[in-house]
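Data first, discussion second: the structure below is written as structure tokens.
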Amino acid sequence: MKTIIVIPCYNEAARLDTAAFLNFARKHGHIHLLFVNDGSRDNTQALIEAMAQELPAGISTWPLDKNKGKAEAVREGFLKGLTMAPEFIGFLDADLASPIETVLELETTLSLTRKDIAMASRVKLLGRTIERNPLRHYAGRIFATAASLILDL
């Protein structure tokens, strides 16, 4: 196993695209999808377990007993994922707001450049449609600008 992708989930049953995740995991056997169920109260865990049963080599679940928030779900997923000794580890939102294939681009970037970190962002490019709450968009841009200035990027 080369890459583990942590996918935090909270009440995602209505919008979890299980077919997209299963197809991706089948096609890219070196990537393991680790779904962290963050105390969902809907059918999320059952959907994740069904995917893991269908493709146990490519998909697993790490259920949390109660909702702890996205950041904690990602952190706990990373801790669990690191026990599997991956070459790369990352995370992706369960709603696939960023296309799952982005994982492959980041993996390639890390392999070719020998960098320690690669990040992607949902930037509005020609030919792409991204629906965003304007307040959230501008708050994100302010954060990204501040982080760039602080990190001298």
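The values are calculated or read from the model by the stated rules, or taken from the named source; none is laboratory data. Predicted model only: the values in this text are computed from it and were never measured. Heads up, the Cβs are rebuilt from the backbone with ideal geometry, glycines too, and the neighbour counts pull from every protein chain shown. These area figures cover heavy atoms from the full protein model, side chains too; ligands, DNA and RNA do not enter into them. Shrake-Rupley method; radii C 1.70, N 1.55, O 1.52, S 1.80 Å.
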Exceeding 27 Å between C-alpha atoms, which entries from my cross-link table qualify? They are Lys2/Lys70; Lys66/Lys115; Lys27/Lys80. Lys66/Lys115
Accessible area, 1.4 Å probe, largest first: how do Thr61, Thr109 sort? Thr109, Thr61
When the accessible area of the chain is split by element with a 1.4 Å probe, what percent falls to carbon and sulfur? 56 percent
Which Rg and Dmax, in Å, describe the Cα atoms of the chain? 16.0, 46
Degrees between helix 102-113 axis and first principal axis of the chain (Cα, 0 to 90, nearest 10): 70 degrees
If one takes the longest principal axis of the Cα atoms in the chain, at what angle in degrees, from 0 to 90 and to the nearest 10, does the Cα axis of helix 18-27 lie? 90 degrees
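Using the heavy atoms of the protein chains alone and a 1.4 angstrom probe, what is the accessible area of the chain per residue in square angstrom? Don't skip to the answer; put the middle values down first.
On the way: 9930 Å² over 153 residues.
Per-residue accessible area for the chain comes out at 65 Å².
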For the pair Ala85 and Phe143, what calculated FRET efficiency results from E = 1/(1 + (r/R0)^6), where r is the Cβ-Cβ distance and R0 = 30 Å, to the nearest 0.05? 0.40
Project the alpha carbons of the range 1-56 onto their principal axes and report the range along each, largest first, in whole Å. 32, 17, 17
Using a Förster radius of 22 Å, what is the FRET efficiency between Glu54 and Ala13 based on their Cβ-Cβ separation? Nearest 0.05, please. 0.85
Identify the residues of the range 7-36 with backbone N under 14 Å of a label point that sits 7 angstrom from the Cα of Thr102 along the Cα-to-Cβ direction, or state none. 7-8
Tell me, what is the FRET efficiency for Lys66 and Asp95 to the nearest 0.05, using R0 = 25 angstrom and their Cβ-Cβ distance as r? 0.70
Over the range 9-124, calculate the relative contact order: mean separation of alpha carbon pairs under 8 Å at least 6 apart, over the residue count, as a percent. 24 percent
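If DNA, RNA and ligands are ignored and the probe is 1.4 Å, what is the ranking of Asp95, Asp116 by accessible area, most exposed first?
Asp116, Asp95
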Enumerate the calculated ³J(HN,Hα) couplings along the range 77-93 in order (Karplus 6.51 cos²θ - 1.76 cosθ + 1.60, θ = phi - 60°), each rounded to whole Hz, writing x wherever the residue is Gly or Pro. x, 5, 4, 5, x, 5, 5, 8, 6, x, 6, 10, 9, x, 9, 9, 5
Subtracting the Cα-Cα distance of Thr109 and Phe78 from 0.36 nm times their residue separation yields 9.1 nm
Helix axis angle, 44-54 relative to the chain longest principal axis, alpha carbon, degrees: 70 degrees
